[in-house]
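Visitor: Supplied in structure tokens, the structure appears directly below.
The values are calculated or read from the model by the stated rules, or taken from the named source; none is laboratory data. Note that the structure is a prediction, hence the values are computed from the model and not measured. Backbone-built Cβ (ideal geometry, glycine too); neighbour counts: all protein chains shown. Ligands, DNA and RNA are excluded from the accessible area calculation, which covers all protein heavy atoms including side chains. Shrake-Rupley method; radii C 1.70, N 1.55, O 1.52, S 1.80 Å.
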Amino acid sequence: MGIEVGRIIELWPEIQTAFFQTLVMIGISLSAALILGLPLGILLFVTDKGLFWENKAFNSVIGFIINIVRSIPYIILLVALIPLTLAITNTTIGPIAASVSLSVAAIPFFARLVETSLRETDKGVIEAAIAVGATPWMIIIDVLLPEAKASIIQGITLTIISLIAYSAMAGVVGGGGIGDLAIRFGYYRYDNTIMVVTVVILIILVQLIQQLGDYTAKAIDKR
Amino acid sequence: MGIEVGRIIELWPEIQTAFFQTLVMIGISLSAALILGLPLGILLFVTDKGLFWENKAFNSVIGFIINIVRSIPYIILLVALIPLTLAITNTTIGPIAASVSLSVAAIPFFARLVETSLRETDKGVIEAAIAVGATPWMIIIDVLLPEAKASIIQGITLTIISLIAYSAMAGVVGGGGIGDLAIRFGYYRYDNTIMVVTVVILIILVQLIQQLGDYTAKAIDKR
Amino acid sequence: MIQIQNLTKTYMTKRGAVTGVDNVTMDIKKGEIFGIVGYSGAGKSSLIRCINLLERPTSGNIIVDGKDLTSLKGGELRKARLKIGMIFQHFSLISQKTVYNNIAFALRAAGMNARDIDVRVSELLEMVGLAEKRNVYPAQLSGGQKQRVGIARALANNPDVLLCDEATSALDPNTTLSILHLLKDINRKLNITIVLITHEMNVVKEICDRMAIMQGGVVIEEGQVYDIFADPQQELTKEFISSVVSFNVPEQILSETEGLLVKLLFKGAMAGEGVVSDMLQKYQIKGNFLHGSIEYIQERPLGIFIMELKGEKATIAEALKYLESRATLVEVVGNGN
Amino acid sequence: MIQIQNLTKTYMTKRGAVTGVDNVTMDIKKGEIFGIVGYSGAGKSSLIRCINLLERPTSGNIIVDGKDLTSLKGGELRKARLKIGMIFQHFSLISQKTVYNNIAFALRAAGMNARDIDVRVSELLEMVGLAEKRNVYPAQLSGGQKQRVGIARALANNPDVLLCDEATSALDPNTTLSILHLLKDINRKLNITIVLITHEMNVVKEICDRMAIMQGGVVIEEGQVYDIFADPQQELTKEFISSVVSFNVPEQILSETEGLLVKLLFKGAMAGEGVVSDMLQKYQIKGNFLHGSIEYIQERPLGIFIMELKGEKATIAEALKYLESRATLVEVVGNGN
Amino acid sequence: GEENTTSGTGGTAEASKEVTLGSTAGPYSDMLSKAIVPALEEKGYTVKTVEFSDYIQPNVALNSGDLDANLFQHTIYLENFETENNMDLEGLISVPTAPMGIYSNKYDSLESIEEGATIAIPNDPVNAARAFLILEDEGLITLNPDAEVLKVSEKDIEDNIKNLEFQPIEAGQLPRAVEGSDLAAVPGNFALASSMNLLDALVLENMPDEYRNVVAVKAENKDGQLAEDLIEIVESEEFEQTIDEEFEGFGKPGWMTE
Ligand SMILES: Nc1ncnc2c1ncn2[C@@H]1O[C@H](COP(=O)(O)OP(=O)(O)OP(=O)(O)O)[C@@H](O)[C@H]1O
Ligand SMILES: Nc1ncnc2c1ncn2[C@@H]1O[C@H](COP(=O)(O)OP(=O)(O)OP(=O)(O)O)[C@@H](O)[C@H]1O
Ligand SMILES: [Mg+2]
Ligand SMILES: [Mg+2]
């Protein structure tokens, strides 16, 4: 398991590219999770029993779809989504294309986390808002989201970390990224140096994100 | 995307084998998670600040190792663990060998879930137990575990479902299983029938486990 | 102001139907402070939560200011709620918003513009004595201060009705007192109708005009607070009142008394205005107060004494007659040893 | 029984050191019920939690039954704790174990065998009146019942000391009363020393022998409950006592009085045994009780009255002299209009 | 995207000289970047390479126009893929390819293989078929003669003389399986990647040219400028020189040795 410094220098540009690809994939799929998963999570919560948009049918259908997406192995999901990927990105390879399936995996994952976070809000505060005559929209914007924000930040952290893990599989469609670099060099090419370097980078990345998430969640919480 | 019934019948023995392999892999790695992850999670909790075995150094080291394992892409973990796998199972291929890396992935995952569950127990109840003169051992067995059991059951559910997803990647070392069947036939051989059938089996399996978990958690909770 | 007509609220649970409120009819008048007491599970919360339709009644009507709320939906109901403030036991403030924004939230719900909100919030903060806590988050406030924010929020849109569900149960006695005075003040200044749930009779005694006692979803007694304290009808009511006006003379003391034990109750303007002193001067008997209190309920005194009377039997009998002619109630409770 | 010597507890927080208890020295005697009152944050919980070392003191010693707890560790400390029961405000029962097992847990901590545990738990359940709730889970109990389980658990190992941190604050007044009587009973029957934290003076009045008032981590007043009620020294103490024995005559009534207002305080065996009646019979003046109460503290009466005296100035002066010679305290509080 | 497709079509190649080439992780990707890309750049192309960790997507991408050419598969695989997926691709020219071999740490010859030994084989159908064909050549099994060469699987085995037990695993994992299994059929590229010596194999694949990897393009582009340039590069002296220096052990195709 010799580690050669020369090899690291040699492959440094490759590592940089991979790092950038990881950022692209995570950036895109995280955005998708935020833009679509957040409202989906809110919908899941407010259509639940006893809440202001209670709608059992809608709630179960959404819940079921989310569970289905979460049951499908990522690689199968990736293949099943190729037509969608082509339609959206006009290509099926590269980090942008990989982001489509990552997004589809991240959206329901994050939606569930948002739902769980919202569930922690004190029912009393929601009631107080209803009693004051607030509209559902105001309750979502001014009560649910602010009250759950620290917990949602933690959810974002968890989503990013899971995306880093998933993005390692994006190599199947040439998505690249640090995880894929580890697999291509470490696994397929038996290059221990690169494997160790990339794994270290991954570990540092994950720890950094975790710490940043913890810090932010604590900093913005006014409790 | 034609689905042929004949094809299902033809491959039924294969599906059965795969199902059995999935059970083997999940059974072994879940057992490992329970046997090692549970005490690890308990240790993580009781060595935390303000608890009876407070030990900052131990706690951070364990926490760090857990984060590292969780940062490494599964396939790299699998490769890194080949010597260990060989030592334990005397082989590096097949479902039993695959279970080694699945276990290594499942143990810290479950440990974190256990820690989170224990964190929900009322601090007052732990204090009451200390005040009554109970030993740390008694507190763990008679207070922490009973109080957190419903939440731990939910953690087991989540671990099983994640293991099903991970085990789809066990095909790399010939682990087999339903997820791998989906990849080998559905993906590599363009056999839509098998792909759909296996995905449906996966979805049903996940839903069943989820429901069983929810039901058990509710049934044993005396609150 | 608030007409509650044949209100019934039944909860459907897995173990079957649970009755919260059972066919209650009540009429709460404009500008009064109406207290509802009862043990836990009596249905107090269910009743008050039906008033602003936080809980939809199973049957019956709620008419507030002539409008039948049970017939309203969506936007109309929200509009009606602007005129019904509510304060909660656990304050229920938005923990992530400042005091200012917690109150501003209620005003935005009424569609007020930013400038007017600013003026109104300042006014409200002044009113509840929290002007300098404007930009502070709830976590940095004491329980009493949190409740003041709750009150300011409830009053933000100049409601006609204020509902309080155990608004002081989470507070210590001194803070409770200051909150009660604030409520009384508001009631007087703004002529707001207040419906107040509590299980502490002290609270009722302190500020309510009328009261109802609930048990098992039913109102078992209702009337002027003073009258109910002076002359409770139901067993449960007596039990509640005894926590404020209690007259259990210790065994030991009783065993030491020699004279006649009488219980005297004076109701009205000045409790027992000179009656006892007149009696003592008129008749040559010795009087000893064993127990007694004069409580001011609604600022009217209610005096209750247990006296030991010693002297000639005949004189005592005459003295008793005299007392009976002037006190509201004279009762011989013991005969000495 | 419990010697607290120079106890200081400082909490290290991110924002710096916070003082919980500040150099407190106290001596609690065997078999007494000792009450500690004070506002939120006064350091009551910190103090009591130091007694069984749930909180390790920053400095100072805790000596219980001659043993310095601060010097103990691990197994020895656990053994010492068996003799110090504690009951908690929120009961802190194991929600997933039956009433039986919650109590048995404490006995197992003492290493008792299963058969003896069975006998002892039955005994304890009988004692707290919960025999028929043996196999029920805490969720199915009322607050008062939960607290009884808490008491049974605390008493399981026949402790010498019982610590109660706001043991009744989560309960309604009637349940509180029944729990207090149970504690008093236990104290008498088993001669257990009880240390009791509360912020309700009614609780202290009901069962405590001695009391301490805390403020900012310091004990500002300490003594017999009766003496403190009769003659509070500190402003804060007066404030607390006024919640039980309050003498604020409403403005309106004051404005209507014409005579001299005097406050009379009688301490001892039979409060004001005939003093007032003697006075009224001796001097030709009219006496009217405006406010008054006789409280039984520790079963000794403490009488406080506010009277309006009307009559000749000279006669009144003489009457006052007479009263001064027989009452504990006579104070002229107003001059009428 | 679209421009790439048009860029590959015939005479318009000069208009845009930006091309994207694909391969799978391993020696063929190296062959692209070391032996082909420099030559293309010399001809004025701007080249981008994409590396896949999978055997399906490079063709899917080639067909969709995301790639202009790829190098990772042999002719039989390519042809089969075309029919399975209804695509029209074209192999331009075959390149030196590393042969699959049967390796073992346990046995030192095929004869010493015991009854019921386990053999790890690739889990993708094409490489699996190659493994079965080697075993048939060596007389360890007999296959149903009607079976399609490329789809040969366990089910087509008529006679399993030593009752070998087949254990399909991911191709990239096979070198690591040599230790855990009695026998392993390792594709040459992975054997080389893991520094195995090809000569250690109990037996190496007898490799007909249709099992050698080819540079493939979309059929409609087979006469385009890029195709022409690619063929020219592979046929050049420099290419063979690079192979000899950097890809020792690779079996050269017939046209090269002639
Ligand atoms: N959401 C609910 N679902 C089922 N039952 C309910 C619900 N809310 C209240 N109940 C039941 O209705 C009855 C009346 O409850 P309610 O909360 O009105 O009592 P309360 O007088 O306010 O008591 P407390 O003093 O404890 O607040 C109780 O038996 C209670 O269990
Ligand atoms: N674990 C802790 N960490 C930091 N500060 C603490 C801690 N526990 C108590 N304090 C602080 O110590 C002081 C005394 O607290 P303590 O809980 O003893 O008061 P208390 O009299 O019991 O009040 P309450 O009536 O609210 O229970 C307070 O200022 C409190 O903020
Ligand atoms: Mg209630
Ligand atoms: Mg406290």
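Visitor: Within region C:93-129, restricting attention to residues that are charged (D, E, K, R) and in a helix (DSSP H, G or I), which residue is most open to solvent (accessible area, probe 1.4 Å)?
Guide: Keep residues of region C:93-129 that are charged (D, E, K, R), which gives C:97, C:108, C:115-116, C:118, C:120, C:123, C:126.
Next, from what is left, pick out any that are in a helix (DSSP H, G or I): C:108, C:115-116, C:118, C:120, C:123, C:126.
Working: C:R108: 89, C:R115: 189, C:D116: 75, C:D118: 64, C:R120: 32, C:E123: 97, C:E126: 125 Å².
Taking the candidates together, the pick is C:R115.
Visitor: Away from chain B (no Cβ under 14 Å), in contact with a Ser or Thr (Cβ under 6 Å, 6 or more places away or on another chain) and within 24 Å of E:R212 (Cα to Cα) - does that describe any residue in region E:76-92? Spell out the reasoning first.
Guide: First pass over region E:76-92, keeping only residues away from chain B (no Cβ under 14 Å): E:76, E:78-79, E:88-92.
Among the residues that remain, those that are also in contact with a Ser or Thr (Cβ under 6 Å, 6 or more places away or on another chain) are: E:91.
Still in the running and within 24 Å of E:R212 (Cα to Cα): E:91.
Looking for residues that are away from chain B (no Cβ under 14 Å), in contact with a Ser or Thr (Cβ under 6 Å, 6 or more places away or on another chain) and within 24 Å of E:R212 (Cα to Cα), one finds at least one in region E:76-92, hence yes.
Visitor: Collect the residues in region A:12-70 that are closer than 29 Å to A:V125 by Cα and either touching a strand residue (DSSP E or B) at 6+ places or on another chain (Cβ under 6 Å) or polar (S, T, N, Q) (or both), keeping them in residue-number order.
Guide: A:T47, A:N55, A:N59, A:S60
Visitor: Right, another one. Tally the residues that are open to solvent by less than 10 Å² (accessible area, probe 1.4 Å) and either part of a loop (DSSP other than H, G, I, E, B) or in the same structural domain as D:F229 (by TED's automatic domain parsing) (or both), restricting the search to region D:285-326.
Guide: 1
Visitor: Then there is this: Just the residues that are within 7 Å of another protein chain (Cβ to nearest Cβ) and either small (G, A, S) or open to solvent by 20 Å² or more (accessible area, probe 1.4 Å) (or both), please, taken from region B:80-96. Walk me through how you get there before you give the answer.
Guide: To start, the set of residues in region B:80-96 that are within 7 Å of another protein chain (Cβ to nearest Cβ) comprises B:82, B:86, B:91-94.
Matches in region B:80-96: B:I82, B:L86, B:T91, B:G94.
Visitor: Exactly one condition in (1) at pLDDT 90 or above; (2) in contact with a strand residue (DSSP E or B) (Cβ under 9 Å, 6 or more places away or on another chain); (3) closer than 29 Å to B:A97 by Cβ; (4) surrounded by fewer than 22 Cβ atoms within 10 Å (Cβ to Cβ) is not met by E:N163; state its number.
Guide: Tallying (1) at pLDDT 90 or above; (2) in contact with a strand residue (DSSP E or B) (Cβ under 9 Å, 6 or more places away or on another chain); (3) closer than 29 Å to B:A97 by Cβ; (4) surrounded by fewer than 22 Cβ atoms within 10 Å (Cβ to Cβ), E:N163 fails exactly one: (2).
Table: residues versus (1) more than 25 Å from C:N6 (Cβ to Cβ); (2) within 14 Å of another protein chain (Cβ to nearest Cβ); (3) within 16 Å of ligand 3 (Cβ to nearest atom).
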{"residue": "C:N187", "(1), (2), (3)": "yes, no, no"}
{"residue": "C:L190", "(1), (2), (3)": "yes, no, no"}
{"residue": "C:T193", "(1), (2), (3)": "no, no, no"}
{"residue": "C:L196", "(1), (2), (3)": "no, no, yes"}
{"residue": "C:H199", "(1), (2), (3)": "yes, yes, yes"}
{"residue": "C:V203", "(1), (2), (3)": "yes, yes, yes"}
{"residue": "C:V219", "(1), (2), (3)": "no, no, yes"}
{"residue": "C:I228", "(1), (2), (3)": "no, no, no"}
{"residue": "C:D231", "(1), (2), (3)": "yes, no, no"}
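Visitor: What are the pairs, 6+ residues apart or on separate chains, where a residue within region E:116-127 that is in a helix (DSSP H, G or I) has its Cβ under 7 Å from a residue that is of a type in the set (K, R)?
Guide: Once the first residue is in a helix (DSSP H, G or I) and sits in region E:116-127, its partners that are of a type in the set (K, R) give E:P125/B:R189; E:P125/E:K151.
Visitor: Check region A:12-26 and report whether any residue there is in contact (Cβ under 8 Å) with a residue 60 or more places away in the chain, among the β-branched types (V, I, T), touching a helix residue (DSSP H, G or I) at 6+ places or on another chain (Cβ under 9 Å) and open to solvent by 60 Å² or more (accessible area, probe 1.4 Å).
Guide: Taking region A:12-26 as the starting set, the residues that turn out to be in contact (Cβ under 8 Å) with a residue 60 or more places away in the chain are A:14-15, A:17-19, A:21-22, A:24-26.
Restricting the remaining residues to those that are among the β-branched types (V, I, T) gives A:15, A:17, A:22, A:24, A:26.
Now restrict to residues that are touching a helix residue (DSSP H, G or I) at 6+ places or on another chain (Cβ under 9 Å): A:15, A:17, A:22, A:24, A:26.
Next, from what is left, pick out any that are open to solvent by 60 Å² or more (accessible area, probe 1.4 Å): A:17.
Yes: one or more hits.
Visitor: Are any residues in region D:28-49 surrounded by fewer than 23 Cβ atoms within 10 Å (Cβ to Cβ) and away from ligand 4 (no atom under 16 Å from the Cβ), and if so, which ones?
Guide: D:I28, D:K29, D:K30, D:G31, D:E32
Visitor: Additional query: Quick one: C:F88 ticks every box in (1) more than 10 Å from chain A (Cβ to nearest Cβ); (2) within 16 Å of ligand 1 (Cβ to nearest atom) except a single one, so which number is it?
Guide: All conditions are met except number (1).
Visitor: So which residues in region A:132-153 are among the charged types (D, E, K, R) and more than 15 Å from A:L34 (Cα to Cα), if there are any at all?
Guide: Correct list: A:D142, A:E147.
Visitor: Suppose the filter is within 30 Å of B:A129 (Cβ to Cβ) and not basic (K, R); does B:L51 pass it?
Guide: Working: within 30 Å of B:A129 (Cβ to Cβ): yes; not basic (K, R): yes.
Taking the combined requirement at face value, the residue satisfies it.
Visitor: Does C:T25 count as away from ligand 4 (no atom under 16 Å from the Cβ) and more than 14 Å from chain A (Cβ to nearest Cβ)?
Guide: Yes.
Visitor: Need at least 2 residues that are within 11 Å of chain B (Cβ to nearest Cβ), of a type outside the set (A, V, I, L, M) and open to solvent by less than 40 Å² (accessible area, probe 1.4 Å) per element, so show me which helices (runs of 4 or more DSSP H) inside region A:113-223 make the cut, counting only ones lying wholly within it.
Guide: On the way: elements: A:123-131, A:145-167, A:178-181, A:192-220.
In region A:113-223, the matching helices (runs of 4 or more DSSP H) lie at A:145-167, A:178-181, A:192-220.
Visitor: Further question on the same structure: When region C:214-238 is examined, which residues are found to be over 20 Å from C:M1 (Cα atoms), in a strand (DSSP E or B) and either open to solvent by less than 10 Å² (accessible area, probe 1.4 Å) or touching a Lys or Arg at 6+ places or on another chain (Cβ under 8 Å) (or both)?
Guide: Within region C:214-238, just C:M214 meets the criteria.
Visitor: Follow-up question, since we're still on this one. Of these, C:N202, C:N174, which one is part of a helix (DSSP H, G or I), within 16 Å of ligand 2 (Cβ to nearest atom) and open to solvent by 30 Å² or more (accessible area, probe 1.4 Å)? Give the derivation first.
Guide: On the way: C:N202 fails: within 16 Å of ligand 2 (Cβ to nearest atom).
Answer to the selection: C:N174.
Visitor: Looking at region C:1-15, I want the residues that are among the polar types (S, T, N, Q) and have a partner that is not in a strand (DSSP E or B) with Cβ atoms under 9 Å, at least 6 apart or on another chain. Which pairs are those?
Guide: Final answer for the pair search is C:Q3/C:G66; C:T8/C:P57; C:T8/C:T58; C:T8/C:G217; C:T10/C:T58.
Visitor: Would it be correct to say that D:V195 is within 15 Å of ligand 4 (Cβ to nearest atom), touching a strand residue (DSSP E or B) at 6+ places or on another chain (Cβ under 8 Å) and assigned to a helix (DSSP H, G or I)? Break it down into steps so the answer makes sense when it comes.
Guide: Details: within 15 Å of ligand 4 (Cβ to nearest atom): yes; touching a strand residue (DSSP E or B) at 6+ places or on another chain (Cβ under 8 Å): yes; assigned to a helix (DSSP H, G or I): no.
No; evaluated as a whole, the condition is false for this residue.
Visitor: Another question, then. Looking only at region E:60-96, count how many residues are in contact (Cβ under 8 Å) with a residue 12 or more places away in the chain, touching a helix residue (DSSP H, G or I) at 6+ places or on another chain (Cβ under 7 Å), of a type in the set (S, T, N, Q) and surrounded by fewer than 24 Cβ atoms within 10 Å (Cβ to Cβ).
Guide: 3
Residues checked against (1) away from ligand 2 (no atom under 12 Å from the Cβ); (2) touching an Asp or Glu at 6+ places or on another chain (Cβ under 9 Å); (3) among the aromatic types (F, W, Y):
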| position | (1), (2), (3) |
| --- | --- |
| D:R15 | no, no, no |
| D:T25 | yes, no, no |
| D:C50 | no, no, no |
| D:S92 | yes, yes, no |
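Visitor: Right, next: Suppose we keep only residues that are assigned to a loop (DSSP other than H, G, I, E, B) and on the phi < 0 side of the Ramachandran plot within region D:31-49. Which one would you say is nearest to ligand 1 (Cβ to nearest atom)? Working first, answer last.
Guide: Filtering region D:31-49 for residues assigned to a loop (DSSP other than H, G, I, E, B) gives D:31-32, D:38-43.
Applying the additional criterion that residues be on the phi < 0 side of the Ramachandran plot yields D:32, D:39-40, D:42.
Values: D:E32: 35, D:Y39: 25, D:S40: 23, D:A42: 28 Å.
Step by step, filter region D:31-49, then rank; the result is D:S40.
Visitor: Restricting attention to region E:152-181, and to residues there that are facing another protein chain (nearest Cβ under 10 Å) and in a loop (DSSP other than H, G, I, E, B), which single residue is farthest from the chain's Cα centre (by Cα)?
Guide: Ranking the candidates gives E:S181 first.
Visitor: Output the number of residues of region D:59-92 satisfying the condition of being in a loop (DSSP other than H, G, I, E, B) and either touching a residue at least 60 places away in the same chain (Cβ under 8 Å) or at positive phi (or both).
Guide: So in region D:59-92, the residues in a loop (DSSP other than H, G, I, E, B) come out as D:65-66, D:72-73, D:83, D:88-92.
Next cut, either touching a residue at least 60 places away in the same chain (Cβ under 8 Å) or at positive phi (or both) only: D:65-66, D:83, D:88-92.
Within region D:59-92, residues that are in a loop (DSSP other than H, G, I, E, B) and either touching a residue at least 60 places away in the same chain (Cβ under 8 Å) or at positive phi (or both) number 8.
Visitor: Which of the following residues is assigned by TED's automatic domain parsing to the domain that holds D:N187, open to solvent by 10 Å² or more (accessible area, probe 1.4 Å) and within 16 Å of ligand 1 (Cβ to nearest atom): D:G143, D:G60, D:G74?
Guide: Testing whether each residue is assigned by TED's automatic domain parsing to the domain that holds D:N187, open to solvent by 10 Å² or more (accessible area, probe 1.4 Å) and within 16 Å of ligand 1 (Cβ to nearest atom) leaves just D:G143.
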